[in-house]
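Beneath this line is the structure, given in structure tokens, with notes to follow.
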Amino acid sequence: MKKSSNSLPADMYLFDSPKTLQNPLLQHREVRSDSHPSTPGKAKMERNNHFGDVQSRSYNFFFVLCVSLFILMAGAYMLRSEGPSVEKKFIVRESESSIPDIWRSQAWQKSVRESCHVKREDGLVVLVTGAAGFVGSHVSLALKKRGDGVVGLDNFNNYYDPQLKRDRQKLLDRHGIFIIEGDINDAVLLKELFDMIPFTHVMHLAAQAGVRYALQNPHSYVHSNIAGLVTLLEQCRRANPQPAFVWASSSSVYGLNTKVPFAESDRTDQPASLYAATKKAGEEFVHTYNHIYGLSITGLRFFTVYGPFGRPDMAYFSFTQNILSGKPVTIYQGPNKVDLARDFTFIDDIVKGCVAALDTSEKSTGTGGKKRGPAQLRTFNLGNTSPVTVPTLVNILEKHLKVKAQKNFVKMPRNGDVPFTHANVTLARTELGYNPTTDLNTGLKKFVKCPTLEPSA
């Protein structure tokens, strides 16, 4: 059994406590709160750890081939359109002649190198994409606190209030973590970074999240979850030495699967949303890069991550905002008024799983873009293993907030949501030593006490 080589205290991953909090949830309002009234939450994983397993390959291959081709063709078409988008527009450079002067400045390069400085024996040097995001900021801080070198990359788009991301950036900066503002599709920027720093690991957490937003802006999912993933994999396979690659897939890949709890070997060819389809396609892409180029790859399927400094589009966050402001909360129900249920997983448990995945990753086997031998390929569920219904979630929030919620029960629309999620974490427990310890009541109590963080003076 392969365990994480570095045990960490249970409270290692909690952010610094704010000095004062005056209804901070009301300070970071989600830009599209009306159009996302009660998303039970999404988080990030899949791919069979035994890819030679014939059971699912026959139908998976044809399905994923069709989905991937459709997504890429749709993306190519939509890239030509000039329709409105909440995405922040970034220049995707095609040659080094377009490198901005700041990248050549000593101050910028010094910031990158100091952020990557290792302060413990055999420490890792990790590029964390999506470092200003919810999971990315917590993982970056955990790695830095134990002495690893960490530099972040984030495009600070406005899918939700960018100020929340800026607040996370300020917090990480106080701990010596530098976040580069840029897009994972910028191959020139990635090359500049990899030429400067010999990363041992890449923790790829950047993605276009959310299920319902795909109905408004499908292109953003293709841009980040497909094109961005491939651009990053291309840079990793060219690097010498190649880094180990750990990335966030999603529990959404299980889609319409009715077998519970979800195990990594279960079928994943029935996505219920475009978001899930892009993550499933991503799993096939990383498998290909592992097979052809020898990249060591670990995929993590997160189950409904929640906690302090979280995403405003998640149900627990938006529900709390609405309860505090006296607005009703919309609770979706399935057929025959069945309550939706989610395997809510506290951020500290997710971070421990991420760190364990990094610590147990084997080295990639390619050099100069060529595979020299078989490389590690793994996929793990990271969940809490105890699904809770959405009405129960609201009841717990009412108790901790000491405010009664105005509840509005409605039939779940056909928007990509699934009725339930439930993780089987046996494989992660065995190979990573993963052991979730925070139940929803305890986790929400911590969230309510510190829902967002005020950067201290």
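The values are calculated or read from the model by the stated rules, or taken from the named source; none is laboratory data. As the structure is a computational prediction, the values presented were derived from the model and not from experiment. For neighbour counting, all protein chains shown are included, and Cβ atoms are generated from backbone atoms with ideal geometry for every residue, glycine included.
Does P308 satisfy the criteria of being assigned to a loop (DSSP other than H, G, I, E, B) and in contact with a Pro (Cβ under 9 Å, 6 or more places away or on another chain)? Break it down stepwise before answering.
On the way: assigned to a loop (DSSP other than H, G, I, E, B): yes; in contact with a Pro (Cβ under 9 Å, 6 or more places away or on another chain): yes.
Yes.
Between R429, R378, which is assigned to a helix (DSSP H, G or I) and at pLDDT 95 or above? Quick ask: steps written out before the conclusion?
Working: R378 fails: assigned to a helix (DSSP H, G or I).
It is R429.
Looking at the stretch 186-207, can you tell me whether even one residue there is under 14 Å from the mean Cα position of the chain (by Cα), more than 23 Å from N290 (Cβ to Cβ) and not β-branched (V, I, T)?
No, the stretch 186-207 contains no residue that is under 14 Å from the mean Cα position of the chain (by Cα), more than 23 Å from N290 (Cβ to Cβ) and not β-branched (V, I, T).
What's the number of the condition V150 fails, among (1) surrounded by 20 or more Cβ atoms within 10 Å (Cβ to Cβ); (2) of a type in the set (A, V, I, L, M, F, W, C); (3) in contact with a strand residue (DSSP E or B) (Cβ under 8 Å, 6 or more places away or on another chain); (4) not in a strand (DSSP E or B)?
(4)
Taking the stretch 240-255, which residues are crowded, with 24+ Cβ neighbours inside 10 Å and in a loop (DSSP other than H, G, I, E, B)? Write out each step before concluding.
Here is the first cut: in the stretch 240-255, the residues crowded, with 24+ Cβ neighbours inside 10 Å are 242-254.
Across the stretch 240-255, the qualifying residues are Q242, P243, S249, S250.
Which ones in the stretch 282-305 are surrounded by fewer than 24 Cβ atoms within 10 Å (Cβ to Cβ), part of a loop (DSSP other than H, G, I, E, B) and at negative phi?
The one that is surrounded by fewer than 24 Cβ atoms within 10 Å (Cβ to Cβ), part of a loop (DSSP other than H, G, I, E, B) and at negative phi: S296.
Do you know which of the residues in the stretch 434-452 that are farther than 12 Å from T345 by Cβ and among the β-branched types (V, I, T) is modelled with the lowest pLDDT?
T452
Suppose the filter is over 29 Å from H287 (Cα atoms), modelled with pLDDT under 95, of a type in the set (A, V, I, L, M, F, W, C) and surrounded by fewer than 22 Cβ atoms within 10 Å (Cβ to Cβ); does V410 pass it?
On the way: over 29 Å from H287 (Cα atoms): yes; modelled with pLDDT under 95: yes; of a type in the set (A, V, I, L, M, F, W, C): yes; surrounded by fewer than 22 Cβ atoms within 10 Å (Cβ to Cβ): yes.
In short, yes.
Which condition number does V305 fail, the rest of (1) more than 17 Å from the chain's Cα centre (by Cα); (2) hydrophobic (A, V, I, L, M, F, W, C); (3) under 23 Å from M203 (Cα atoms) being met?
Unmet condition: (1).
What are the residues in the stretch 352-372 that are of a type outside the set (D, E, K, R), over 30 Å from Y306 (Cα atoms) and either assigned to a strand (DSSP E or B) or modelled with pLDDT of 95 or more (or both), if any?
Of the residues in the stretch 352-372, the ones of a type outside the set (D, E, K, R) are 353-358, 360-361, 364-369.
Filter once more, so that each one left must be over 30 Å from Y306 (Cα atoms): 364-369.
Answer for the stretch 352-372, where residues must be of a type outside the set (D, E, K, R), over 30 Å from Y306 (Cα atoms) and either assigned to a strand (DSSP E or B) or modelled with pLDDT of 95 or more (or both): S364, T365, G366, T367.
What residue, among those in the stretch 323-378 that are touching a Gly at 6+ places or on another chain (Cβ under 7 Å) and of a type in the set (S, T, Y), is surrounded by the fewest Cβ atoms within 10 Å (Cβ to Cβ)?
Only one residue fits best here, namely T365.
How many of the residues in the stretch 413-441 are among the small types (G, A, S) and either surrounded by fewer than 21 Cβ atoms within 10 Å (Cβ to Cβ) or under 28 Å from Q216 (Cα atoms) (or both)? Explain how you work it out, then say what you get.
The initial filter retains those residues of the stretch 413-441 that are among the small types (G, A, S), namely 416, 423, 428, 433.
Narrowing further to those that are either surrounded by fewer than 21 Cβ atoms within 10 Å (Cβ to Cβ) or under 28 Å from Q216 (Cα atoms) (or both): 416, 433.
Looking only at that region, the number is 2.
Let me spell it out: the conditions are (1) outside any loop (DSSP other than H, G, I, E, B); (2) of a type outside the set (A, V, I, L, M); (3) modelled with pLDDT of 95 or more, and S318 meets all of them except one. Which number is the exception?
(3) is the only condition that S318 fails.
Name the one entry in N384, N395 that is of a type in the set (S, T, N, Q) and in a helix (DSSP H, G or I). So that I can check it myself, show each step before the final result.
Values: N384 fails: in a helix (DSSP H, G or I).
Being of a type in the set (S, T, N, Q) and in a helix (DSSP H, G or I) holds for just one of N384, N395, which is N395.
Checking Y213 against (1) in a helix (DSSP H, G or I); (2) over 29 Å from Y160 (Cα atoms); (3) of a type in the set (S, T, Y): exactly one of these is not met. Which one?
(2)
Under 9 Å between Cβ atoms, which residue pairs at least 6 apart in sequence (or on different chains) link something in the stretch 368-384 that is among the aromatic types (F, W, Y) with a partner that is assigned to a strand (DSSP E or B) and buried (at least 21 other Cβ atoms within 10 Å of the Cβ)?
Cβ pairs passing all conditions: F380/T298; F380/G299; F380/L300; F380/R301.
Condition first: at pLDDT 95 or above, part of a helix (DSSP H, G or I) and within 26 Å of T200 (Cα to Cα). Can you find one or more residues in the stretch 256-279 that meet it?
Checked against the condition, which is being at pLDDT 95 or above, part of a helix (DSSP H, G or I) and within 26 Å of T200 (Cα to Cα), the stretch 256-279 yields at least one hit.
Exactly one of these conditions fails for D349: (1) at pLDDT below 95; (2) at negative phi. Give me its number.
(1)
Does G368 satisfy the criteria of being farther than 27 Å from P312 by Cα and under 22 Å from the mean Cα position of the chain (by Cα)?
Numbers: farther than 27 Å from P312 by Cα: yes; under 22 Å from the mean Cα position of the chain (by Cα): no.
The answer is no for G368.
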